[in-house]
Amino acid sequence: MDGYEVECAEVFLKEQEKLLKERVVETLEEAQEFLEDCFAVVLSSAKEIREYFKENGMDVHGMSDEDILECAEVFLLPDGRYLVVEA
């Protein structure tokens, strides 16, 4: 994804404490910068997220699609895609 869509920044700004112990961004601009710094990605399905996690060394063996989608790194976007943030 080239740049981060506003909806990604809005979702992360609102739900960042799902992943992080405390708020680290306070504005949409800060959220966009944080997502860029973390090389966050937008993926379309649990299958794509599973492959992404595998490629990045996460052990997902035995995890169901529901388990994948409930990971702290995964944020559901309004359009049904998923924002994956590794912090």
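The values are calculated or read from the model by the stated rules, or taken from the named source; none is laboratory data. Everything numeric in this text was worked out from a predicted model, so none of it was measured. Positions of Cβ are backbone-derived with ideal geometry, glycine not excepted, and every protein chain shown enters the neighbour counts. Ligands, DNA and RNA are stripped out before the accessible areas are found, and what is left, the full protein with its side chains, is counted by its heavy atoms. Shrake-Rupley method; radii C 1.70, N 1.55, O 1.52, S 1.80 Å.
Structural remarks
- Less than 5 angstrom separates the built amide H of LEU20 from none of the residues sequence-distant by 5 or more or on a different chain.
- Diffusion coefficient, µm² s⁻¹, Stokes-Einstein with Kirkwood Rh over alpha-carbon pairs of the chain at 10 °C and 1.306 mPa s: 121
- Karplus 3J(HN,Hα) series, Hz, for segment 63-69 with 6.51 cos²θ - 1.76 cosθ + 1.60 (x for Gly, Pro): 7, 7, 4, 4, 4, 4, 5
- Per DSSP, loop GluC sites (Glu not before Pro) in segment 13-71 with at most 16 further Cβ within 10 Å: GLU22, GLU26, GLU70
- Karplus-derived 3J(HN,Hα) values for segment 24-37, using 6.51 cos²θ - 1.76 cosθ + 1.60 with θ = phi - 60°, are 10, 10, 10, 10, 4, 4, 5, 5, 4, 4, 4, 4, 5, 5 Hz; glycine and proline are entered as x.
- Estimated distance in nm for a label pair at GLU26 and CYS38, the labels positioned 7 Å out from Cα along Cα-to-Cβ: 1.9
- For segment 41-56, Karplus couplings with θ = phi - 60° (6.51, -1.76, 1.60), whole Hz, Gly/Pro x: 10, 10, 10, 9, 7, 4, 4, 5, 5, 4, 5, 4, 4, 4, 4, 9
- The fraction of Cα-Cα pairs per 5 angstrom bin, counted from 0 for segment 42-84, comes to 5, 25, 40, 21, 6, 2 percent, rounded to whole percents.
- Accessible-area composition of the chain, carbon plus sulfur, in percent [1.4 Å probe]: 47
- For the chain, the solvent-accessible area with a 1.4 angstrom probe is 62 square angstrom per residue.
- Only protein heavy atoms count here; under a 1.4 Å probe, ASP67 has an accessible surface of about 70 Å².
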